Structure formats: C-alpha cells, structure tokens
Amino acid sequence: MKLSKIFYAGVAALALFSCSQWTETEREILPNQEGLIRRVPFLDAKSEADLPPSLRKHYEAIREYRKTDHVLGFGWFGNWTAKGADPNAYLKGLPDSVDFVSLWGTRGSLTQEQKEDLEYFQKIKGGKALLCWIVQEVGDQITPPGKTQSEYWLKEKGGGDPIKACEAYADAIADTIQKYNLDGFDIDYEPGYGHSSRNDLMPISQPSVWIADASSAGGTQVNQYMHAFIKKLRSRLDAMGKGKLLVMDGEPYLLSTETSKMIDYYIYQAYWEGSSNAVRSKVKNEDLDNYIRKTIITVEFEQNWRTGGVTYYTSDKYPELDYKHGAQIYDYATLDIDGIRIAGIGTYHMEYDKQDMPYKWLRSALNRANKEVPGKFKK
C-alpha cells in the first residue's frame, strides 16, 4: 500500500518496527466537546499535543526501547527538505526502528521547517540526527567564502600550528552542532578510496593541513592531526551533555587504538561485498576499541534499493538467502562475530527505499535482527 500524501495524526500506530502508516482518524474527547474529531495532517504535526493518546503512548514506548540492547537502525539521509507532501523528505517519516541518521548534504543553516522536523524526530520519536561530510583537509565544507583553507584555518585560526588548526576546525563543527541542536558528527574518513590526490600528511611548510592519512594509521600508529581533531570534537560534544555521538564511516580501521576509544561507532560501507566471509573480514579489526559492539554495516541504496543490496550475495549461515533480493541486508542484520551481534545496520541514501512499502528493506531487516533472529550482545 502506498503512503498517501496526507497522513492523519489520529491513527493507530503499527507494531514497534513498522513505519507509522496512519489511515483513519481517532476520536479524541475533550472537555465539553463530545463528538469532536481532531484531525492533524501527519506532516504538520509538531508536538505531542498534535497526537492522539494512543500515539503518545506508542512513541513513549519507542523512546524507552531505544535505551535497550538491540541492533541499531541507521542511514545516510539525503534530500532532506521537510517540505512538501512526500514523507521521504521528512525525518518524521522515517521508520520507528531507525535510531539515528547522518544528514547527507546538510551543512547547517537549517530552515525553519527543518528545525521543526528535527525537533519532532528527537523529542517525539527519540531519534538522533548527525552532521556528516568527507573530512580530508582542515576546513572542508565550512571555510568562509573568499578565503583559502590555508589562510583561514592554518594561519588565522592556528597561528601556523597545524594541530591548533585541526582543533579550530573541530570547534567550528561543534559550534554548528550546538547552534542547531544536532546530535553529533559523522566523520567520513576515506583516504584510501581516492578522495584526495595524496594520502600522506601535508608538511607544515605546505599550504594546507591534510587530516586524512592512510600511511600513518592503525594499531599503535597515530595520525596526530586526526587524533587532535577527534579529541577536541569529543571534548566539545561531551560538554554539551549526554548522548551526543561521534562516529566514523569509510575507513575506521585506519584509526589507532587510542583514537578509536573516542569514537562511538565504526560505520563500514560494505556496499559490494558478496558474502558473509567477505564482510566479516572487512569489519574484523581487533585493534579498534570494542570493535564488535561498535560496528555498523551499511548497504548501498543509491543503485541497489530495489533489490535490498547486491544480487550476488551468499550467506554462510543462511544459505536459503543466497542470490535472492534482500540477501545482503538481511545477512548483515544478523551478522555475529565470535558469537556477538554487531551494533547495527544501515543504508546509503536510505530515502531511495520508497517502494510499495516505504523503507521496506531496512525495516524488515531490523525486524529480522531484533525479533525473528535475535542475537547476543554480551558473552
């Protein structure tokens, strides 16, 4: 059944892991107003006051559920406008089983509509929304117009000291998070994937400071610039209060053990892996702090949303899934390492999954992970 353009907030919510599809109104009796039916378009709902009692109780249960051990639902959420009649343009249109998202393409400067949508997602649904972009050079995405990254960050902010420039960059990101009441930052760290023309640290005498570094990474090797950046950002986020997240996607295995302790989740872009063994090999990085319970694996949905991932996937534990639609995301959802279930699963451009049942693959995979084939979270 397709989502209609107008959803009424007076409808019964579906099960815990379902996307709230509201199809009929609920009678709400107010003092001296028997017979009044209060109908609020779903996309216009801004607070609990716009919801009938049944939905208030439903979302209270969702918020409590998020505090329990479970396979987390994640995604990079793009094309976020919080405008129009398409629920996929709203955070509030995300399934209840999605715990947090990274806002792909958002750099701050939120519109009023986005601010209201964000607040609803956080306060009513208990979700979190993170800033996210590729981090390779100090000042990426937020250098003031008219100035080079070297002029502004290294010279003005850092006084010629690249470590101070990294810290200033972290401060600026934290300021944006605090200003718009966002829930943290997703560091897209991919020096080995060709995001820059160099993978080594730029010497101080050079015009820029490169944070991304694939040559000094992993185990006891510390990328001093990335470490300084993360340390400052972690400190700022912690000072904002409990619950702010700092995650890394792309190549988190390049983190040193010391630096990894400051990261909440390692998010792997396991887009083209074709088997359980392949993805398990990708994420099994014992140098990282608490790597199993901090690992989130993602599927590529910009191209593969129709089929729930690649169509050549084989599972070592669930051979009945082999080569079928959904095999990749379903297997990721139930992936155990040394008998322990991973932290979560997600999709890139999650909003593309808008078939007959919006977010079909992610919702059903999370249902499989947490209800049909539950795992252990402790030894």
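Only the coordinates and a few stated rules stand behind these numbers; no lab work does. Just so it is clear, the model here is predicted, and its values are computed rather than measured. Ideal geometry is used to build each Cβ from the backbone, glycine not excepted, and the neighbour counts take in all protein chains shown.
Computed across region 70-372, the Kirkwood radius stands at 19.8 Å (inverse of mean 1/r, all Cα pairs). Here the 3J(HN,Hα) profile of region 160-171, calculated from phi with Karplus coefficients 6.51, -1.76 and 1.60 at θ = phi - 60°, is x, 9, x, 5, 5, 5, 4, 5, 5, 4, 4, 4 Hz, Gly and Pro shown as x. Site pair GLN224 and SER47 shows an inter-label distance of 5.2 nm when each label is modelled 7 Å from Cα along Cα→Cβ.
The residues neighbouring ILE134, those whose beta-carbon lies less than 9 Å from its own, together hold a net charge of -3 under the Lys/Arg +1, Asp/Glu -1 convention. The count of lysine pairs in region 302-379 that are at least 8 places apart or cross chains, and whose C-alpha atoms lie under 18 Å apart, stands at 4.
Residues ARG107, ARG234, ARG341, ARG280, ranked from the fewest to the most other C-beta atoms within 10 Å, line up as ARG107, ARG280, ARG234, ARG341. Derived scalar couplings between HN and Hα for region 88-98 equal 5, 8, 10, 5, 5, x, 6, x, 4, 7, 8 Hz in order, rounded to whole Hz, by the Karplus curve 6.51 cos²θ - 1.76 cosθ + 1.60 (θ = phi - 60°), x for Gly and Pro.
Packing, taken as the mean count of other beta carbons within 10 Å per residue, orders the peptides 242-252, 91-101 from highest to lowest as 91-101, 242-252. Residue ranges 161-168, 311-318 sort as 161-168, 311-318 when ordered by packing (mean number of other C-beta atoms within 10 Å per residue, highest first).
Computed on region 70-372, with alpha-carbon pairs under 8 angstrom and 6+ residues apart, the relative contact order is 18 percent.
Amide hydrogen proximity for ALA129: with H placed 1.01 Å from N in the peptide plane, the residues at 5 or more positions away or on another chain lying under 5 Å are VAL101, ASP183.
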